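Asks: First the structure, which I've put down as C-alpha cells, then a few questions once you've had a look.
The values are calculated or read from the model by the stated rules, or taken from the named source; none is laboratory data. If you're wondering where the values come from, they're calculated on a predicted model, not measured in any experiment. FYI the Cβ positions are ideal-geometry reconstructions off the backbone, even for glycines, and counts take in every protein chain you see. These area figures cover heavy atoms from the full protein model, side chains too; ligands, DNA and RNA do not enter into them. Shrake-Rupley method; radii C 1.70, N 1.55, O 1.52, S 1.80 Å.
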Amino acid sequence: MTQAQSPIRVALLGAGTVGAAVARQLYARGPLLASRVGAPLELSGIAVRDLSRPRDLPGVPEALLTDRPEDLIDGADVVVELMGGIEPAHGLLTRALEGGAQVVTANKQLIAQRGAELEALAAERRVGLDYEAAVAAAVPVVRVVRESLAGDDITWIAGILNGSTNFILDMVARQGMSFEDAKDRAGELGFLEADPTEDLEGIDAAAKIVILARAAWGVPVRMEDVQREGISQLTDHHFDTARGTGQVIKLVATAWRSGTPESPKVEVAVRPVSLAGDDPLALTREGGNTIVIETASAGALRFAGAGAGGEPTASAVLGDVVAAARRVVAGRS
C-alpha cells in the first residue's frame, strides 16, 4: 500500500441518532467508500458524553468509544462533529482546524453563528470545512449554492427548511387535525424535542437560511438579521381562514438579493405564509424539505427530499467525509 493509500483516520464526535448512523454506514460501506476515496477510511474513535449510555452501534467495536474527544482530534485526518450546540463543538473544531485536520459538521447553529470564523481559520490552515448536512439533511443544496451555481447569479431562495413544523402544518392541512393535536402528535412521533422552541419559533429554519444566504452571496448575514416569526401563535382560526380560500399555511424561510451582484444587499426572513395549494412549497409533505432557488441563467431550480432523520442526514455527512478524505489523499500525493 502506498502512502497515499494508507488509511485515513476519521474521528467521530457524537453518537446520537445521526452519529450512530454515520458510524454504522462507515463500517457497512467500507469497501465502497475506499474505492471512491482512493484509500480506506478508518474510524479511529467515537467521542461521547456518557460512556455508560447504551448505543445503537451494531458491528462497531465498543472499544472505539471515549469521553476524551481531544485525544481523537489530535491524531485524526478528518474530524466529524455531530454533537450539536455551540460549545464544546466550537472549541473542538477550532482545535481540529488548527491541527490541520479536515472538518465535517452537521451543526447548523454553530455554522450560522460562528461559521465565518471557522471558515477563515480553515482557509488559513488550507483545510476544508464541509457542512452539507447542516441544511436540509440529504438534500444537496449547500453544495449546489456554493459550487454548482457559482457561475450564475442567484436572486432568491425560498424553502421549507424545518421538517418538524412542516409535519405539524401538514397534519392540520391534509388530515384536518387541530393545531394543538398536531403538535402533540409530532411530539409523540419524535418530530419535536422536549423543548420545541427552536422549531416552533423558527430558530432552526433561521440558522439554515442564514447559511444558504452566506453561501449564495458571500455577505456576512447573521442570525440577528433574520426577520423571524414562528408558528406558536397560530390558532385554528388561521387555518380555517386559509382552508376557506384554498390556501395552505407553511413556515417559509426566504433570502433575496437587491442591489447588484457585485454589491448585494441581502434580506432574510422566516415566517408563516399562506400559499396556493399547488405551490411547490405547499405540496411539501410531512417531515420533508423543499427549496426553490431563482437564478438569472438557470431559472427556477427545485430541490426536495428528506430534511431530517438519522439515515438521510448521515448520507449528507458521508458525502462530505468522502470529499474531505479525497483532499487528504491529494495532499499525500
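Asks: Which residue, Ala112, Ala298, Ala39, tops the fluctuation ranking in a GNM of the chain built on C-alpha contacts under 10 Å?
Replies: Judging by the Gaussian network model, the answer is Ala298.
Asks: Grab the beta carbon distance between Ala300 and Gln5, set R0 = 51 Å, and tell me the FRET efficiency rounded to 0.05.
Replies: Approximately 0.70, to the nearest 0.05.
Asks: Please calculate how many Å² of accessible area the chain carries per residue, with a 1.4 Å probe and no DNA, RNA or ligand atoms counted.
Replies: Result: 44 Å² of accessible area for each residue.
Asks: Keeping the other protein chains in place, figure out the carbon and sulfur percent of the accessible area of the stretch 142-307, with a 1.4 Å probe.
Replies: Carbon-and-sulfur percentage of accessible area, whole number: 47.
Asks: Then there's this: Compute the length gained on full extension between Lys265 and Arg285: take 0.36 nm times their separation in residues and subtract their Cα-Cα distance, giving the result in nm to one decimal.
Replies: Full extension of this stretch gives 4.0 nm more.
Asks: What translational diffusion coefficient, to the nearest whole µm²/s, does the stretch 1-103 have by Stokes-Einstein, given a Kirkwood radius computed over alpha-carbon pairs, a temperature of 20 °C and 1.002 mPa s viscosity?
Replies: For the chosen part, D equals 154 µm²/s.
Asks: On a straight-distance basis, which lysines could pair with Lys183 in a cross-link, Cα separation under 26 angstrom, same-chain partners fewer than 8 positions away excluded?
Replies: Cross-link targets: Lys108, Lys208, Lys250.
Asks: Below 13 angstrom from the Cβ of Leu318, what's the summed charge of the other residues (Lys, Arg +1; Asp, Glu -1)?
Replies: Counting the neighbours of Leu318, the net charge comes to 0.
Asks: Moving on to the next point. Sum up the charges of everything whose Cβ sits under 13 Å from the Cβ of Val252, counting Lys and Arg as +1 and Asp and Glu as -1, but leave Val252 out.
Replies: Around Val252, the surrounding residues sum to +2.
Asks: Among Gly128, Gly288, Gly218, determine the one that fluctuates most according to a GNM of the chain built with springs between C-alpha atoms less than 10 Å apart.
Replies: Gly218
Asks: Assuming 1.306 mPa s and 10 °C, estimate D for the chain with Stokes-Einstein, Rh taken as the Kirkwood radius over Cα pairs, in µm²/s.
Replies: Roughly 77 µm²/s, to the nearest whole number.
Asks: Can you list, largest first and rounded to whole Å, the semi-axes you get for the stretch 142-307 by taking the square root of 5 times each eigenvalue of its Cα gyration tensor?
Replies: 29, 16, 14
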